[in-house]
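Asker: Before we start, here is the structure in question, set down as C-alpha cells.
Derivation of every value follows stated rules applied to the coordinates shown; laboratory data play no part. Keep in mind that this is a model prediction, so the values were computed, not measured. When we count neighbours, we look across all protein chains shown, and the Cβ atoms used for this are built from the backbone with ideal geometry, even at glycine.
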Amino acid sequence: MYECLLYTVENGIATITLNRPDVFNAFNDKQSYELQDALKQVTRDANVRVVILTGAGKAFCSGQDLKAIASADKRDLSESLEKRYNPIIRAMRNLPKPIICKLNGVAAGAGCSLALASDLIVASTEASLIEVFVNVGLVLDSGSSYFLPRIVGSMKAFELSTLGSKVKAEEALALGMVNKVVAPEELDNAVNELAQRYATAPTKAIGLMKKMLNKSFNSSLDEMLDYEAHCQKIAGNSKDYKEGVTAFNEKRKPAFTGE
C-alpha cells in the first residue's frame, strides 16, 4: 500500500511503521504524505480502536531527511511545515483514538515532535529524544514548542531546545517525557499488552477524554466544567456506557465495542 510505511490492522490495533531504516526513518516528502494518509485511514476505520506508531530498524525517526532537500534552492520551510508536518500533528491530536508510540530508538527533530504528539510513549532503554533543530540553525517545529514545555516545564524546555541535549530513555522517564521504559527485548510485549487493553476499552469515552485534555490547556475551570458536562452527556448515550453499567450489575467484565 505504501512505499515508506508499513501499515497493518489486526484485532482492533493499527500499527504504522515508518519504514526508511537506511536513513533512520528520516522524513522525505513521500513518507510525510503517506503518514498523513495512514492517519486518515485509522480515523475512518471503525475497526481500529488504537494505533501503534513506531519505526523500522534501530531508530524511531531522525526527523527531516536533509540529504533529500540538499539540492533544493531556497526551500520554503514554512510551506513544508504547513503541507507536510503540521497536518500530521493535527491529525494525531484530533484522532479520537489513543496513539501509542513504540519508541524503539532515537527520535530527533520532527521525529521527537512526532513522539511527543502521541498519547503514550513506551520506550526501549536504547531509545533517546533530542530536539536537534538548533544544531542546524533552526527552531522547534512540528509541535515541539507546544508539547515540550507542557511536559517538562519552561526552563527545562529552553535547555533541551537551545542546547540540543540528548535525553536518554531513563532521564526521559524521570522528566515525564515517556510513560514506561523497558529492555529492548521486552518492548514488543509491553506495547502489545497496552494496545490490547485499549483495543477492548470504551473507545468513544477515551476519544472524548483526549479532546477534553487537549482543550484544558487553554480553558478556564468554568469552561472545563461545562465541557465535561457536554462530553458526559455524549458518553452517557453510548452503547459502551450501557454495557458498562449492565456488566457492573451482573458482576462480569464488560465487553466494550467502542460505540
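Asker: In whole Å, how far is the Cα centre of region 65-130 from that of region 1-56?
Answerer: After rounding, the separation between the Cα centres reads 12 Å.
Asker: For every helix of n ≥ 4 consecutive DSSP H residues, a contribution of -39,500 (n - 2.57) applies; sum these over the chain, divide by its total residues, and give [θ] at 222 nm rounded to the nearest 500 deg cm²/dmol. Could the numbers behind the result be given before it?
Answerer: Working: 11 runs with 116 residues, N = 259.
Roughly -13500 deg cm²/dmol at 222 nm, from the helical runs in the chain.
Asker: What chymotrypsin sites (Phe, Trp or Tyr not before Pro) in region 150-229 are in a loop by DSSP, with at most 16 other Cβ atoms within 10 Å of the Cβ?
Answerer: Working: sites: F158, Y198, F217, Y227; in loops: F217.
For chymotrypsin sites (Phe, Trp or Tyr not before Pro) across region 150-229 that sit outside H, G, I, E and B with at most 16 neighbouring Cβ atoms in 10 Å, the list reads F217.
Asker: Would you mind telling me which residue in A115, A174, A14 has the biggest mean-square fluctuation in a Gaussian network model of the chain, where springs connect alpha carbons within a distance under 10 angstrom?
Answerer: Checking each option, the largest mean-square fluctuation is seen for A174.
Asker: Taking Cα pairs under 8 Å and at least six residues apart, what relative contact order does region 31-189 come out at, in percent? Don't skip to the answer; put the middle values down first.
Answerer: Details: 266 pairs, mean separation 36.4, N = 159.
Over region 31-189, the number comes to 23 percent.
Asker: Calculate how many DSSP beta bridges within the chain are antiparallel, expressed in % of all such bridges and rounded to the nearest 5. Intermediate values should be presented prior to the final figure.
Answerer: Details: 9 of 30 bridges.
In the chain, approximately 30 percent of DSSP beta bridges are antiparallel ones.
Asker: Further question on the same structure: Using DSSP to call loops (not H, G, I, E or B), can you name the trypsin sites (Lys or Arg not before Pro) in region 1-55 whose Cβ has at most 11 other Cβ atoms within 10 angstrom?
Answerer: Details: sites: K30, K40, R44, R49; in loops: R49.
Sites meeting the loop and neighbour criteria: none at all.
Asker: On to the next question. Are there GluC sites (Glu not before Pro) in region 193-251 that DSSP puts in a loop and that have at most 10 other Cβ atoms within 10 Å, and which ones? Before the final figure, lay out each step's value.
Answerer: Numbers: sites: E193, E223, E228, E243, E250; in loops: E250.
Passing both the DSSP loop test and the Cβ count: E250.
Asker: Next question. A 20 angstrom limit on the alpha carbon distance is what I want to check against. Which of K102/K180; K102/K168; K211/K242; K102/K166; K97/K211; K58/K166 exceed it? Before the final figure, lay out the partial values.
Answerer: Numbers: K102/K180 10 Å; K102/K168 15 Å; K211/K242 22 Å; K102/K166 18 Å; K97/K211 10 Å; K58/K166 16 Å.
The pairs that break the limit, which is 20 Å between Cα atoms, are K211/K242.
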